[in-house]
Every structure is written in C-alpha cells, then in structure tokens.
1. One residue is enough: does the range 122-141 have a residue meeting the conditions buried (at least 24 other Cβ atoms within 10 Å of the Cβ), away from the ligand (no atom under 16 Å from the Cβ), outside any loop (DSSP other than H, G, I, E, B) and of a type outside the set (Lys, Arg)?
2. So in the range 316-352, with the set limited to residues that are among the polar types (S, T, N, Q) and in a helix (DSSP H, G or I), which one is nearest to GLY110 (Cα to Cα)?
3. Working only within the range 78-100, note down all residues that are part of a loop (DSSP other than H, G, I, E, B) and either open to solvent by less than 50 Å² (accessible area, probe 1.4 Å) or of a type in the set (Gly, Ala, Ser) (or both).
4. Which condition does MET173 not pass, out of (1) away from the ligand (no atom under 16 Å from the Cβ); (2) within 25 Å of GLY376 (Cα to Cα); (3) aliphatic (A, V, I, L, M), if it passes all the others?
5. Say whether the condition of being part of a helix (DSSP H, G or I) and more than 16 Å from the ligand (Cβ to nearest atom) is met by at least one residue in the range 258-276.
6. Would you check if GLY11 is at pLDDT below 95 and under 26 Å from the mean Cα position of the chain (by Cα)?
7. How many residues are within 16 Å of the ligand (Cβ to nearest atom), open to solvent by 10 Å² or more (accessible area, probe 1.4 Å) and either within 14 Å of ASP202 (Cβ to Cβ) or outside the structural domain of VAL290 (by TED's automatic domain parsing) (or both) if we restrict to the range 213-254?
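The values are calculated or read from the model by the stated rules, or taken from the named source; none is laboratory data. Quantities reported herein were computed from a predicted structural model and do not represent experimental measurements. In this analysis, Cβ positions are derived from the backbone assuming ideal geometry, glycine residues included, and neighbour counts consider all displayed protein chains. We work out accessible area using only protein heavy atoms, side chains counted, and drop any ligands, DNA or RNA first. Shrake-Rupley method; radii C 1.70, N 1.55, O 1.52, S 1.80 Å.
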Amino acid sequence: MSVTHESRTGGPTLPQERRLVTPIPGPRSRELHERRAATVAAGVSSVLPVYVAAAGGGVLVDVDGNSLIDLASGIAVTSVGNAAPEVVSRVQGQVAAFTHTCFMVAPYEGYVEVCEQLAALTPGDHAKRTALFNSGAEAVENAVKVARSHTGRNAVVVVDHAYHGRTNLTMAMTAKNMPYKQGFGPFAGEVYRAPVSYPFRDGLTGPEAAARAIDLIDKQVGAGNVACIVVEPVLGEGGFIVPAPGYLSALAAYAAANGIVFVADEIQSGMCRTGAWFASEHEGIVPDLVTVAKGVAGGLPLAGVVGRAEIMDSVHRGGLGGTYGGNPVACAAALGAIATMKDLDLNARAREIGDLLTARLRDLAAANPAVGDVRGRGAMVAIEVVQPGTTVPDPAMAARLSAGCHQAGVLTLTCGTYGNVLRFLPPLVAPDHLLHEAMDVLAEVASI
Ligand SMILES: *Cc1c(COP(=O)(O)O)cnc(C)c1O
C-alpha cells in the first residue's frame, strides 16, 4: 500500500482520491462475501460489502484496490480519521505496556484522564463525575440506572424517531421496529414515548412541540413518576432531525422543575461532529447527564456517562462498572482522538464541512424536487427524499441514490424512520476536494 500523502493530521496517510479499478464490489470482496455468508450470522449485515484493507483521511481502500470516498466514518466514529497518528501512537504505547487490568480490579491513569477531559468538554461548569463503558447502548443503560437510583422513580421518557441502541432496555427506548426490534420482544417496561419536534413534518415551533410532549408526559405518565427524559439533541438514526429552536430547552426546563434527570444522548452528535463539542451547546442547554461514545476514541470501543456529581454519585459503591469498561487501550485512543480534535480544531472544520455540504445539497434540492429537505448541524448533514411537491417519503428513491453513489465509489448511508433520508457524516479530516467530488457524484446519480 503506497503511503505518500501528508494529511492535515500531520502523519502519513493514503492518497486522498476516488479510484475505481474494478466494479463495486470487486472480485476479491465478492469472494470474501461468500466466505462470510458461510460463517457470519445473517442478522449482521453490511451497507456496502466491499472489504476494507486500509482507511485514512477521507477514503477507504478495499481489498481490490478501489479507493472510496467515505461519507460514513463508520457511523460517525472516525471523526479524527481512520488510524489517526495520535491515536495510533498512543494505542501502540499502551498496548505494549499493558492491555487490561479491569479498572474495578486495579486502576490506571488513562481512565482518570479521559474522565477529566470529558468533564472539561461537556456543557456546564458544575462538578461532574464520569463512568466509562464499551458501547453506546451500555452508556444509555447506565444513564437510566443512574437516573433511577438518584430519583427513586421508574419511568423513562424518550421521543418519536429516537435511537438509543439494541440491548433490551435500549430497544425499548428506540422507536423504529424494523430492523431493530422486530421479533426481539418482550421489551423492558416503563418506557414512554413523547412527540418530538420534526420541523419538516410537523410545522410546529419548538415551544409548541415541547408543550405537546410535556402534555403527554403529564397526562399519561405523571411528572412525579419520571426518572429521566432521554433525547438526542440531533436525532441520528431517526433521520438527522434537528428539533426546532426552543424544543430541547423547554424539555430541559420542565425536567429541572420536576426533579427529572435530563439526559442528552450525544453518542452520535457529540465530539465535534456538529461543529461543537456537544450539540446541546447549539441550544444552550446543560444536560444533567450526557452519554458519549462513537467519535470519542477514534474507532476503539469506548463510551461514557458524564454527569452532575450529585446525580452520578448517588449510586452505591460497586453499582456501576463492567469487565472492559474504560479499557486502557480504548482510553489511550480517546486521549489521542481528543488531542487531535483540539490540535486540528475539528469543531471549526466540522462547521466548514457543514457549510460546504449544505451549499451543495441546497443546489441539488433546487434542481431536484425529490429532495424535500436539507438539514443538519455541522458535519452531520442529511437530505430527506420525498415524492416531488409533497412530504410523502420516497425510500425507494433514497435507496436508488445511495446505491448509485456506492457504484461510483462514494460510501453513503441512509437513515430515518421512513428509510428515506441520506445522511452525510465524513471524517472531519476529509479534504474539501473529496467532499466536492462526492457531491458531484450524488448530483450525477440524482440527474439520471
Ligand atoms: C449509535 C447510537 C447508540 C448506540 O451505540 P452502540 O455503540 O451502537 O451501542 C445510542 N444512541 C445514539 C444516539 C446512537 O447514535
């Protein structure tokens, strides 16, 4: 593999180009896919079955030598790029020193340092405490455990179109049936769903949408029974929905007035993705608890719950933990990723990427009536595909656009309750020319 290009990360990376040398997927990928079918569970699927050999900057290079433009970042994970130099060097150092002791058995500095960093970066200057886990779903589960322990209440309020994970409790919290819940019940109890703010579809102001949600909570659950309200400040899997201004702050104020723990699930929207450390900042809200995962550790599995000290510390000793939570290698990766975010000012870069993509997508929408909405924050951008002139979802068209991009060497993802949203979340170290090229490809596919 030729390693020539000096990226803005200051380290060697792959040529930043789209290069197709075979059809997608190529013969070697197809071979691996057959091998996979005989051994990997069918329930685990892949958006695009090109098998990856290397990745860095804004590209994925497959086993056939194709170089694809990456607009997925492994679902908002490799924001600092794949194999980012600071992540690689710290991981290498840690893995050679020790790989695991279990923080609950014999602790180490990296865990503490990650908690210090997350306390400094999350909204609010109150005293905070953090616990580390392995996955986003595990962080959400633990946020609920903490909120229940603190309040002595049971009910969990989530919103329409929410995505919080695939474990039993988080399946109950997730809105969408297929593919996340179908056949996997019974689900955890005491989970209640309130209406979200979805400006493209409901036409409500933020305060109006919040009043509708609060009315449901009051009438159907009772504020005094609610342990926590959990909401994604920008909804991810549900369709990159940005609630109207004032929605989140009204919910947060209602929570504060009623002794309810307000939890921002920032697993997808956090860590520079939206042009801020956390998307809550755009709305000026200070959540009681924040869940963090995905982008935090440059691709290694790490998650956390960061929250008000008095809430987090209401849990009895030994009540939180897990064998691998805050693994030293994952912590080293997180420290490398956070250092990279600061060094390269990836918040500013996410805003630039957002401006670039949004401008290109608005042009696309002007030329193509199937693009009903262009929305997002920072480098968390999406288009909603509809039947022209309506808000009727057109998932078939969204799938066609995404498949066309894949064939042309641009890795896009769809999302949304109706499956009709194309989302764009490139690594924040992807160069402009690749992003423009990806938008050229999309425009070309959309014009056919
Ligand atoms: C991805 C995601 C989760 C679940 O994270 P996993 O690491 O896949 O368990 C939870 N909440 C949000 C908002 C997510 O985007």
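1. no
2. Here the residue is THR340.
3. Listed by number, the residues that qualify are THR78, SER79, VAL80, GLY81, ALA83, ALA84.
4. Looking at each condition in turn, MET173 falls short on (1).
5. no
6. So GLY11 passes the test.
7. Matching residues across the range 213-254 total 1.
Condition check ((1) part of a loop (DSSP other than H, G, I, E, B); (2) touching a Lys or Arg at 6+ places or on another chain (Cβ under 9 Å); (3) of a type in the set (Phe, Trp, Tyr)) across all residues:
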position	(1), (2), (3)
ALA42	yes, no, no
SER46	yes, yes, no
PRO49	yes, yes, no
VAL61	no, yes, no
